Each structure stands twice: as C-alpha cells, then as structure tokens.
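A.B. asks: Dumping the structure here so I can ask a few things about it.
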Amino acid sequence: MYNFVFIKLTTDFPLFCSFYSACTVLGLKFLHEHNIVHRDLKPQNILLDRYGYAKIADFGLCKEGIGYMDTITGKCGTLNYMAPEIFTDDSYTRAVDWWSLGIIIYKMLVGKAPFRAKLKEEMIDLIVKEDVEFPEGLDEDAKLLIRNLLCKEPQNRLGSSQQGATDVMRSPFFKGIDWVALSKMQLEAPHIHQRTEQRQQGRQRVHLESKNLSEPPINTFPKMLQEFEYPALIANKCAMM
C-alpha cells in the first residue's frame, strides 16, 4: 500500500525537469539493453526512491526478448501515451517507449498533454495525424527533443536507432547532465521526501514531509506534475536509473 503525494515545483524548474527526464532515459536504456519494452510508460509508473531518484515501475504490459528492430503485436498501453504506429501498423518496435517519454516531457514542461480529446476515436485521430504544437516561450532545446521523440515515423524517432538511448542522451536538452554521475547516483536530486512512520490501529501509515523546499507563488508555474505520483516506499520491481 502506497501513500502518494503531489510534488510541489521548485524555483529551479529547468533542473527539476531535466533531472527526472534524464533518470527516465537511463531507465529505458537499462530496459532496452536487456531487450525489454515497457509499453506503458506514464507519470503514474515513474516512482521516486528515498534518495529522490526516479525509477520505472509496473511491468504488467512489458514485453521481453525484444531487441533492436524486433517487432511486437498487440494494442496495449494508456491511450494518452500510446505511439501512433500502435494504431496504424500490424506491429511495432521498442520505439513506442520513446514516444511515451516525449509525451511525459511535454506534460512536465507545458502542463498538459500535446493531444487532448474527449472521445477515444478523436484522441487516436490526433495522435496519428496531428503535429505537436508548443506554447510561446518554451526552450528551443526542449522543443527539439520533444519533436524528435514525437516523430510519427518510428524508424526516424529519436532513440529508435541501434544506438538507442545514447542518441537521446546527446540531445542539447540534457547538456547539463553528467550521465556517469547520474548513473552512479552521485548527483543531488532536486526533490527529496523525508519519511516518518506511525502505527495506528495495527496499520502502518507513512507521512511525507518536503525537505528544504519553499512553496512557490500561486500560478508561478503550470500545474504540470499533478499526475506525477510518488510513493513513500521503494517499489520492489523497479528499473534502476
């Protein structure tokens, strides 16, 4: 049983976004190097450990034994994060995970999904046909990364080559990330939760307290992390980032 909290935004928002995006890139790198496709990457399946590092969780829809250019069949995932080829092609590759990452980064930066519709059929039509649009003022490096991740043609999508995650890591958006230090968990996470525990009526309850974070002014940043729910405890099945 997890108790979830909503992360409050820090004043150093670019660092916040790039750090957790980079953690997710390393998680996908690990999975793909072990021939695992997640197929359901979304904020609810990205958890924080006690050190503030992100981990990919929930492998109920993952597919094992899928290497570079291997294909998968079966329409599965969460609609808002599903790649267009899942709907248009008979099979697809591990590139679907990179599309999902592009949706997640867009939501972190903009505060809403790039494709939105009330009806399932309309949503699929947008995913398959519409190009992503950006609000004014969004960082050019961020727009370049998102465009390349949300490329409709999976063979041209960033991360789909044989180099995989390495190509994503070279994106200018991550120019401030020390990948070696990140992989060794030597970087200080921008957000850490302290944990205190109580037992009431024989059941354990976990209370979370933010560490060294000031409350930002209302409406200073978009409410883009409301779907990023993190547990107080470490999930047993997580991909190390």
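A.B. asks: Whole-Hz Karplus ³J(HN,Hα) for region 44-58, in order, using 6.51 cos²θ - 1.76 cosθ + 1.60 and θ = phi - 60°, x for Gly and Pro?
C.D. replies: So the J values, rounded to whole Hz, are 5, 9, 10, 10, 9, 8, 5, 9, x, 8, 7, 9, 7, 9, 6.
A.B. asks: Counting other Cβ atoms within 10 Å, which GluC sites (Glu not before Pro) in region 64-156 have at most 15 and lie in a DSSP loop?
C.D. replies: Those satisfying the criteria are Glu130, Glu133, Glu136.
A.B. asks: I've got another one for you. Going by average Cβ neighbours within 10 Å, how do the peptides 97-103, 48-54, 123-129 rank, with the highest at the top?
C.D. replies: Descending packing order for the listed peptides: 97-103, 48-54, 123-129.
A.B. asks: Return the subset of Lys75/Lys129; Lys75/Lys175; Lys29/Lys55; Lys129/Lys175 for which the Cα-Cα distance in this structure is over 24 Å, preserving the input order. Intermediate results must be reported in sequence, preceding the final value.
C.D. replies: Values: Lys75/Lys129 18 Å; Lys75/Lys175 35 Å; Lys29/Lys55 12 Å; Lys129/Lys175 31 Å.
Distance filter (> 24 Å) returns Lys75/Lys175; Lys129/Lys175.
A.B. asks: Take peptides 105-117, 68-80 and line them up by average Cβ neighbours within 10 Å, highest first, as a rough protection proxy. Spell out each step's value before the answer.
C.D. replies: On the way: 105-117: 18.4, 68-80: 13.6.
My ranking of the peptides, most packed first, is 105-117, 68-80.
Laboratory data are not the source of any read-out in this text; all were calculated from the coordinates shown. This is a predicted model, so every value here is computed, not measured. Quick reminder, even Gly has a Cβ in these numbers, built from the backbone with ideal geometry, and neighbours come from all protein chains shown.
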